[in-house]
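Here's the structure we're looking at; comments come further down.
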Amino acid sequence: MKKIKSLDDLRQMKKNLEQGMNIREKSDTPESLIQIRVAMATCGIAAGARGVMNTLIERIEKDKIPAIVTQGGCMGYCYAEPTIEVKIPGKDPVVFGNVDTAVANQIVDKYILNGELIDGVIPTNYQTINEKK
Amino acid sequence: MAQYKMHLLVCGGTGCRASQSDVIVKNLESSIKELGLSEEAQVVTTGCFGFCEKGPIVKVIPDNTFYTQVKPEDCEEIVREHVLKGRRVYRLLYEDPETQKHIEDSKHMGFYQKQLRIALRNCGFIDPENIDEYIARDGYAAIGNILAEMSPEQAIDIMKKSGLRGRGGGGFPTGIKWEIASKNKADQKYVVCNADEGDPGAFMDRSILEGDPHSVLEAMAICGYCIGASKGLIYIRAEYPLAIKRLQVAISQAREYGLLGDNILGTPFSFDVELKYGAGAFVCGEETALIHSMEGHRGEPTVKPPFPAEKGYLGKPTNVNNVETLANIPVIYLKGAEWFASIGTEKSKGTKVFALAGKINNVGLIEVPMGITLREVIYEIGGGIKGGKKFKAVQTGGPSGGCLTEKHLDTPIDFDNLLAAGSMMGSGGMIVMDEDDCMVSVAKFYLEFTVEESCGKCAPCRVGNKRLHEILEKICAGKGTEDDLEYLKNLSYVIKDTSLCGLGQTSPNPVLSTLEHFYDEYLAHVRERICIAGRCKALKLYTILPDKCTGCTACTRACPVGAITGEKRQPHVIDVDKCIRCGACYDKCKFTAIHVQ
Amino acid sequence: MEKIKLTIDNIEVEVQNGTTIYHAAKKIGIDIPVLCYMNLEHLNIENRPGGCRICVVEVEGRRNLAPSCSTNCTEGMVVKTHSLRVLNARKTVLELILSDHPTECLVCSSSGKCDLQSLAQKLGIREIHAVENAERSTYRKDCSPALNRDMDKCVMCRRCETICNDVQTVGALSAVNRGFMSVVAPAFEQDLIDSPCTFCGQCVAVCPTGALTPFDDTSKVLKALTDPSKTVIVQTAPAVRAALGEEFGLTPGTLVTGKMVAALRTLGFDKVFDTDFAADLTIMEEGTELLDRITRYLGGDKEVKLPILTSCCPAWVNFFEHNYPCMLDVPSTARSPQQMFGAIAKTYYADMLKIKREDLVVVSVMPCLAKKYECQRDEFKVDGNPDVDFSISTRELASLIKMANINFNNLPDEEFDSPMGESTGAAVIFGATGGVIEAAVRTAYELQTGLKLNKIDFEELRGLEGIRTATIDFNGTPIHIGIAHQLGNARKLLDGIRSGLYNFHAIEIMACPGGCIGGAGQPLHFGNSDVIKARFDAIYREDASKTLRKSHENPYIIKLYKEFLGHPMSEKAHHLLHTHYFEKNKI
């Protein structure tokens, strides 16, 4: 370890370090953030959910979007995997189906950043497994 | 710092460690490696989450899934299901005691909803053994800013404006304490952190030191700058090995970064911290006793004045602050005095950490804004009384405090209200009692503690508390008189009035407050010889229910003192005066005809 | 210094800033009762732990009562010293202390002079509220040859601790245990005999109760006196005659040498001798040793150990054996006068009487408790028979006199017996600080220079300051002398030598305040410097009244060397009159 010689050094160091902690900081105040949940059940993973998730996380970091990406279980739309759910504060959650990395970028550009819906939205009158007892 | 998509925070506090949380960390890590998830998930050992009732705790970030009572063998499942497949392991989730529903994430747990964590902000959040995580959360930014932008006077002014009061028991305004110490001129001054936490059941200081040691170190450095001290000492009880270890790690990391030592952050300010070990005597929480103990003398208090701010450690001006007080300080400088002063009540600002214990569902460590009511703490955060019993009293302030009752449930908690109600904030112990608790026995329990912990220097505390305890024992043994109650009161007042230090000046509080709020219970003990709660064995009243008694004579034969008489096949009678309350008849009776009151 | 005004019991009083309420009240004639508080004015030492809480008073605007002994006055303070609240608190606290104290006052050796007892009287305690069978803190009794510890009677006033640590720097006593079982004791609750205790007994002299008391040898002495097969002789130390009268109501400083001799004779001692005789003998040996070392030193002998330290004081001997084991070869090897007397008595005098040493009982009357320990040391026994059988204190002698219905003040003055009752003025001044070294100088000067002293009084060696230094001109050779009394001062002096601050040829050290006149076996003085001064003056008055004032002029000493010992430092003298020292553990 090397000595921190000035306040500027300390601030720079904090900047470098905070990325790693971002996920914890954000999860501490989830209600004020855009929550993106990627269905990561077997079917989802098989359909490429992990890649989608990575794309989303990278985009969020890059564009400094106040969002948090979490994993979810199967939403019951196995025919449309990978699926993701996006909840913008103050709005109803929206579920997108057949999301690949291209669609994921599209979701970010259009829906998250501009509030425009895109194709592939699945109606939201569902109940996830997680909400059952 | 590497970026992971998922963090698994495992409580590394003393409580959870005792239930093998260190093995849990190992198992989680190996499972993650096995499933090839090392790039995605990180396991972090953190400080205490406070929810000790259900430890060990594993919290999964980012979705805040809160696993309770995790066993080492559960780890593989957590990783396989949750990390890999995004499915929560339901059986490990916290179950709401009222609705019996599993609660998915900590944000929806009653225990956390009403809490506001300032002193505990980093506990259960960062890895206390990794200074980088502390820095990432603006650690050492407060001291950095102060050194760059403020004079000691300005920094003290902020502390005064924040309204922070000492969390160790006395509630003395921290800013004023600093100001006094800063004005006394000396070639050497000292900053002392009082980590001699001694109230039975209280463990907030330990948790802070285990979960966020750097906050305390940073605050000490800030204090050092303000009062003009270059040396800091942490007086910590040797019974806190984990806290000691974490502090040692933290001190050496801070030294390596130059955040402790000479010329901190390139400024002329130098400050270093050393640990001093105590043997865990309660009285050493009193600052003069603490200083004597640090000097290698017998841990006993001396008459104040002189206060430590004039003549403290080695005769030099010394500022003593408690751990929780210090933990509040860096964030006050980061967010501003106004922010802190906006929390709490008029005269008690900020939050207070309480150790919830006793007959309550959610035992643990909580931090709440001043001004919250006891009702909110007990019923919303604490989840109500265990087993659906009736609430009777809550004891706050440890052995120096008193008991509060039903009528105080809606009183906003702050320093002054608790004092007015005949108790005190103390260091934040909160023990809940239900209908099964005998208040005389409760007072006796606390006196037992003070008798044990009195240093023996002054006569009223040394002998007086012993006598108080003896009288309470006498009452619990069914031998008390109404005169005893009078003497109990007089003795309590004299001990309070004449004792040398805070220990003796407050030790009769449990007696006085129970005498005030539960006088009927005392009277029942001495007049009717009845313990309403049924706790005092000697006061159990045994009678025979005539309609149930078959006159089998089994009880007559069992009674060792011949207190039971009666004709064969006729209902028997117990002679109350002869009865020694041994319960032998109760055990022998096959017809549940013996009634115990 | 700044003055402040306050009101005590409706009386306005002006005091210096920094004055305690206790002293301010005293100034206007209000005597607030105290128990733990002790003021050793001449030592500038106050014991005020604020522990007994008897001296509490009510201060307007203060939440709780204030200990007046350790609370400073502030401007405008309003104090009540006897409000109902104060009296109730005071009585309740005293009752508490009494509830943890044995009720054997009738047979307690401190009865009648016990502060706790008088306090109970003063506050009118007539019953002790406490549960029946209330627990008492009890401790193992500790009997050492010099003093007894019965800590059941300890009230934790900490006076002994202050004396032992702050004044004497012996460090044998400190508070141990916690809470109800707190007590002052040696480390690990060892017995005193296993501790660094020097048996100076100053703790006994300040104990307000019967917790610390002298070991009582009076019954053994009485038994010996009534045993027809024994010849019982007594020696009296110089300091005794200057203080014994106080026990019989005489003013401090009254010399009662003649009455003391008469009383001892009445008590039945076969011969009444004087330790002063042995003091003259000590000077012959110690003076010769001093001269020898100085001569060798001045002659360039590098091996010689200087400064030479006196060795008359047994507490001091214990002190350096515990604390300065590396210096065991520095002090004079001469035995103390008490032991020289015993050695000569059980050889020379027993031969003269033609009796066996076992049949001769030597009793000493000493101002000292450490002497009780000293006479029990193995070095001073022959086949288990001690040179001095019993050592009793001045106070013990007084109680023997009272017990025997002797009207002390009406006794005629009588003379010591011969031969061991003859002494010079040089021996008398052994009883005061600086006296031993002055006596040694008187003899050494004449022996060294061959000149007769014009002026026998060496005023420069006298005084009551804790540490004194002087240089004596030995006809051209300056001899540097250091003097210390009280062990704390001794430590300072020795450390000063080690650090090179001082350079001396000879040093006298006495363990007690003022030397033996302030010994722990004397009538208690509680640090009253007037009492010590009066005794001090009496000693030098006695010296001045003597025709012979130099030890080497004592004709019986000259005769003793001629008939028995040969010459000073002879082989026989070495055997009988010198000793050696042992390293003792520090804890």
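Distances between every pair of Cα atoms in segment B:356-410, grouped in 5 Å steps from 0 to the bin holding the largest one, split as 4, 19, 30, 31, 14, 2 percent.
State, to one decimal in nm, how far the label point of A:D28 lies from the label point of C:S118, with both points 7 Å from Cα in the Cβ direction. The answer from the label model is 6.8 nm.
The smallest convex shape that holds all Cα atoms of segment A:32-125, its convex hull, gives 84 Å³ per residue. Rg and Dmax of segment C:1-71, both derived from C-alpha coordinates alone, stand at 12.2, 36 Å.
Both numbers refer to the Cα atoms of segment B:141-273; Rg and Dmax are 14.7, 43 Å.
Rounded to the nearest angstrom and listed largest first, the equivalent-ellipsoid semi-axes of segment B:90-163 from its Cα gyration tensor are 38, 17, 7.
Magnitude of the charge dipole for the protein assembly as shown, about its Cα centre and with charges confined to Cβ atoms of Lys, Arg (+1) and Asp, Glu (-1), is about 1480 debye. Of the two radii for segment B:439-528, the radius of gyration is 0.95 times the Kirkwood radius, both from the alpha carbons; that is the Rg over Rh value. Basic side chains Lys and Arg get +1 at the Cβ, acidic Asp and Glu get -1 at the Cβ, and with that the dipole of chain C about its Cα centre reaches some 840 debye.
I'd like the FRET efficiency for B:D575 and C:C105, computed as 1/(1 + (r/R0)^6) with the beta carbon distance as r and R0 of 41 Å, rounded to 0.05.
It comes out at approximately 0.40.
Peptide A:71-79 has a mean of 3 when you count, residue by residue, the C-beta atoms of other protein chains within 10 Å of its C-beta. Scaling against 2.2 N^0.38 Å puts the C-alpha radius of gyration of segment C:409-549 at 1.14. If the Kirkwood radius is taken over C-alpha pairs of chain B, then at 4 °C and 1.567 mPa s the Stokes-Einstein diffusion coefficient equals 49 µm²/s. If the segment from C:I128 to C:V304 were pulled out straight at 0.36 nm per residue, it would be longer than the present Cα-Cα gap by 56.8 nm. Working value for segment B:540-596: equivalent-ellipsoid semi-axes of 15, 11, 10 Å, each the square root of 5 times a Cα gyration tensor eigenvalue, largest first.
With viscosity set to 1.306 mPa s and temperature to 10 °C, compute the Stokes-Einstein D of segment B:6-108, Rh being the Kirkwood radius across alpha carbon pairs; µm²/s, no decimals. Estimated via Stokes-Einstein, D reaches 119 µm²/s. Within straight-line reach of C:K372, meaning a Cα separation under 13 Å, sit the following aspartates and glutamates at least 8 residues removed in sequence or on another chain: C:D216, C:D217, C:D387, C:D389, C:E396.
When the trypsin sites (Lys or Arg not before Pro) in segment B:185-241 are filtered for DSSP coil states and for at most 13 other beta-carbon atoms within 10 Å of their beta-carbon, the remaining sites are B:K185.
Per-residue ellipticity at 222 nm computed for chain B from its helices equals -9500 deg cm²/dmol, with DSSP H segments shorter than 4 residues left out and the rest contributing -39,500 (n - 2.57).
When the trypsin sites (Lys or Arg not before Pro) in segment B:537-590 are filtered for DSSP coil states and for at most 16 other beta-carbon atoms within 10 Å of their beta-carbon, the remaining sites are B:K548, B:K568, B:R569, B:K578, B:K590.
For the protein assembly as shown, take the convex hull of the Cα atoms, compute a quarter of its surface area, and give me that in nm², please.
Answer in nm², one decimal: 66.3.
Bridgeable aspartates and glutamates around B:K588 (alpha carbons under 20 Å apart, same-chain partners fewer than 8 residues away excluded): B:D547, B:E567, B:D575. The loop-placed GluC sites (Glu not before Pro) in segment B:462-571, going by DSSP, that have at most 15 neighbouring Cβ atoms within 10 Å of their Cβ come out as B:E567. The label-point distance for C:D31 and B:T553, in a model that sets each label 7 Å from Cα toward Cβ, rounds to 7.6 nm. Measuring against 28 Å, Cα to Cα, the residue pairs C:K354/C:K559; A:K5/B:K189; B:K276/B:K457; A:K3/B:K349; B:K537/C:K91 contain A:K3/B:K349; B:K537/C:K91 as the ones spanning a longer distance. Which of B:K479/B:K548; B:K183/B:K335; B:K183/B:K231; C:K271/C:K346; B:K177/B:K231; B:K466/C:K153 have a Cα-Cα distance over 21 Å? B:K479/B:K548; B:K183/B:K335, as the Cα separations exceed 21 Å there. Its Cα gyration tensor gives segment C:308-430 an equivalent ellipsoid; the semi-axes, largest first and in whole Å, are 27, 19, 15. A simple rule links phi to the HN-Hα coupling: the Karplus curve 6.51 cos²θ - 1.76 cosθ + 1.60 with θ = phi - 60°, which for segment A:14-27 gives 4, 4, 5, 8, 5, 3, x, 9, 3, 4, 6, 4, 5, 5 Hz, with x for Gly and Pro. The Stokes-Einstein estimate for chain C, based on a Kirkwood radius over Cα pairs and taken at 37 °C with 0.692 mPa s viscosity, is a diffusion coefficient of 130 µm²/s.
Beta carbons within 10 angstrom, averaged per residue: use that to sort the peptides C:538-545, B:324-331, C:168-175, highest first.
Ranking, from highest mean packing down: B:324-331, C:168-175, C:538-545.
Put in order of Cβ neighbour count within 10 Å, fewest first, the listed residues C:F408, B:F282, B:F307, B:F591 become B:F591, B:F307, C:F408, B:F282. Annotation: segment B:475-597 has a Kirkwood hydrodynamic radius of 16.6 angstrom, from the mean reciprocal C-alpha pair distance. Using every pair of separate Cα atoms, the Kirkwood estimate puts the hydrodynamic radius of segment C:99-214 at 14.8 angstrom. Neighbour counting of Cβ atoms within 10 Å sorts the residues B:F354, C:F341, fewest neighbours leading, into B:F354, C:F341. In order along segment C:356-373, the Karplus-derived 3J(HN,Hα) couplings, from 6.51 cos²θ - 1.76 cosθ + 1.60 at θ = phi - 60°, round to 6, 4, 5, 8, 9, 9, 9, 10, 10, 10, 10, x, 9, 9, 5, 4, 5, 6 Hz, and Gly and Pro are given as x.
Work out the mean other chain Cβ neighbour count within 10 Å for the residues of B:73-84 and drop it here as an integer. Working shown, then result.
Details: counts 0, 0, 0, 0, 0, 0, 0, 0, 1, 3, 2, 5.
Mean number of neighbouring Cβ atoms from other chains: 1.
Across peptide C:172-184, the mean count of Cβ atoms from other chains lying within 10 Å of each residue's own Cβ comes to 5.
Read-outs throughout are calculated quantities, based only on the coordinates presented, and are distinct from any laboratory measurement. These numbers were taken from a predicted model, which means no experiment stands behind them. For neighbour counting, all protein chains shown are included, and Cβ atoms are generated from backbone atoms with ideal geometry for every residue, glycine included.
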